[in-house]
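Okay, here's the structure, questions in a sec.
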Amino acid sequence: MITIGDTTLDLGDPLTLAALIGGVLLLLIVLLLLMAIRAASRSARMAEPLAQQIGGLSQRVQGLSDGQHQLAGGLNHVSEAQAAAQSNLLQLMEKRLSQVSERMNENLHGSARRTAQSLGELQQRLATIDKAQENITKLSGDVLTLQDILSNKQTRGAFGEIQLTDIVGKALPSDSFTLQHTLSNGKRADCLIHLPNPPGPICIDSKFPLEAYEALRRASTDWEVNEAAKFLRTSVKKHIRDISEKYILDGETADGALMFLPSEAVYAELHANFPELVREGFAARVWIVSPTTCMATLNTMRAILKDARMREQAGAIRRELGLLFADVDRLSTRVENLDRHFHQASKDISDIKISADKAGRRARRLDNFDFEELAPETEPSVVKLGTKDT
């Protein structure tokens, strides 16, 4: 039994026990409710920052969503810009590739053209080289032929005569010299120059002491040099003596003659190392000349021939000058007459111009019906027509 104040509860009584259990259950329920209310209040207090956090999280999610949309738009813009840039880049690359291709084609065409031109020039040069080679081959054959010619006295003499003929033909008129002229003593000179007196016709004879000169060139010892020098002196002295005796004739030729050496080397050797031979030629009135000095001498002779011919034609020149003076006088007279005619023609043209101006003024007045302004004319002269005799 349980005594609460004045009330005594019998736990053996089922009703009491049931009431007690019910009260306990009710108390438990109230406690549970209080506890639930507290828990709910505590949960509410705890849920408020969570709700705020959830709200902030929602705002962040919204901002993130907006940022995602902006990012998507930016990505689209970037994608479009990238696509446009890629397209521009491709076009630029295509343009650059096209330009590079054109330049490469131009360079290739230019290189091909230059290569073709170079090959053409190379071919021309090769052709020139081939032609030069042929000329060299031909020249070598000609040199061998020249050696054969110079090895024989007769052909060597003919060679000197041909060279002399060529020089004389180039320096003098054809009627001023005679080749292979026979003199009164029966001797034949290679060339006779028809100079006026004085000095008179002068003979030129070709000589070529080649053997003595070659012996002097080949000499290697003093003895060989002395022997070759003696041989050369003997040969040249003989040529000087032959020319002096054969081609200098009193009353027929000039008081001297020319010995033509067709070799500059032989001529230089004589003047350099054998001056006594040159002086001996001067003493015998035989002047030694080379191709070069012969051309200079012939030019002097041409001046002499020209002066002689001018003296011969002096009378004809004076006569022609007189005729020329008369022609000039007649020309002056005719020019004066022509000038007078031109002056008269100019005066006639001036009168015609004055008459034309008057006629023009009258025509303009008639066209404007200005008859009052016309000056009174005198009675026109009447020209009577003559009758024909029947």
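Which residue out of SER235, SER220 is in contact with a helix residue (DSSP H, G or I) (Cβ under 6 Å, 6 or more places away or on another chain) and polar (S, T, N, Q)?
Numbers: SER220 fails: in contact with a helix residue (DSSP H, G or I) (Cβ under 6 Å, 6 or more places away or on another chain).
So the residue among SER235, SER220 that is in contact with a helix residue (DSSP H, G or I) (Cβ under 6 Å, 6 or more places away or on another chain) and polar (S, T, N, Q) is SER235.
If I ask for residues that are among the aromatic types (Phe, Trp, Tyr) and in a helix (DSSP H, G or I), which ones from the stretch 207-253 would you list? So that I can check it myself, show each step before the final result.
Taking the stretch 207-253 and keeping what is among the aromatic types (Phe, Trp, Tyr), we get 208, 213, 223, 231, 247.
Once the filter is applied, which keeps residues that are among the aromatic types (Phe, Trp, Tyr) and in a helix (DSSP H, G or I), the stretch 207-253 yields TYR213, TRP223, PHE231.
Right, here's the next one. Kindly list, by first and then second residue, each pair from a residue in the stretch 248-272 that is under 22 Å from ARG233 (Cβ atoms) to a residue that is among the acidic types (Asp, Glu) and part of a loop (DSSP other than H, G, I, E, B), limited to pairs with Cβ atoms under 8 Å and residues at least 6 apart or on different chains.
Correct list of pairs: ILE248/ASP255.
Please indicate, with yes or no, whether at least one residue in the stretch 312-327 is outside the structural domain of ASN197 (by TED's automatic domain parsing), acidic (Asp, Glu), farther than 30 Å from ASN197 by Cβ and at pLDDT 80 or above.
So far as the stretch 312-327 goes, yes, one or more of its residues are outside the structural domain of ASN197 (by TED's automatic domain parsing), acidic (Asp, Glu), farther than 30 Å from ASN197 by Cβ and at pLDDT 80 or above.
Moving on to the next point. Scanning for something at pLDDT below 80, exposed (fewer than 10 other Cβ atoms within 10 Å of the Cβ), more than 42 Å from the chain's Cα centre (by Cα) and assigned to a helix (DSSP H, G or I), does the stretch 131-145 turn up at least one residue?
No, that holds for no residue.
Quick one: how many residues across the stretch 168-206 are of a type in the set (D, E, K, R) and either surrounded by 19 or more Cβ atoms within 10 Å (Cβ to Cβ) or in a loop (DSSP other than H, G, I, E, B) (or both)?
Within the stretch 168-206, the subset of a type in the set (D, E, K, R) is 170, 175, 187-188, 190, 205.
Add one more test, that the residue is either surrounded by 19 or more Cβ atoms within 10 Å (Cβ to Cβ) or in a loop (DSSP other than H, G, I, E, B) (or both), and what stays is 187, 190, 205.
Counting residues in the stretch 168-206 that are of a type in the set (D, E, K, R) and either surrounded by 19 or more Cβ atoms within 10 Å (Cβ to Cβ) or in a loop (DSSP other than H, G, I, E, B) (or both) gives 3.
Out of the residues in the stretch 220-234 that are surrounded by fewer than 16 Cβ atoms within 10 Å (Cβ to Cβ) and not acidic (Asp, Glu), state the one that is nearest to the chain's Cα centre (by Cα). Write out each step before concluding.
Just the residues of the stretch 220-234 that are surrounded by fewer than 16 Cβ atoms within 10 Å (Cβ to Cβ), to begin with: 220-227, 230, 234.
The next check asks that each one be not acidic (Asp, Glu); those that pass are 220-221, 223, 225-226, 230, 234.
Numbers: SER220: 55, THR221: 58, TRP223: 62, VAL225: 57, ASN226: 60, LYS230: 60, THR234: 60 Å.
Filtering first and then ranking leaves SER220.
The values are calculated or read from the model by the stated rules, or taken from the named source; none is laboratory data. Everything numeric here is computed off the predicted structure, so don't read it as measured data. Quick reminder, even Gly has a Cβ in these numbers, built from the backbone with ideal geometry, and neighbours come from all protein chains shown.
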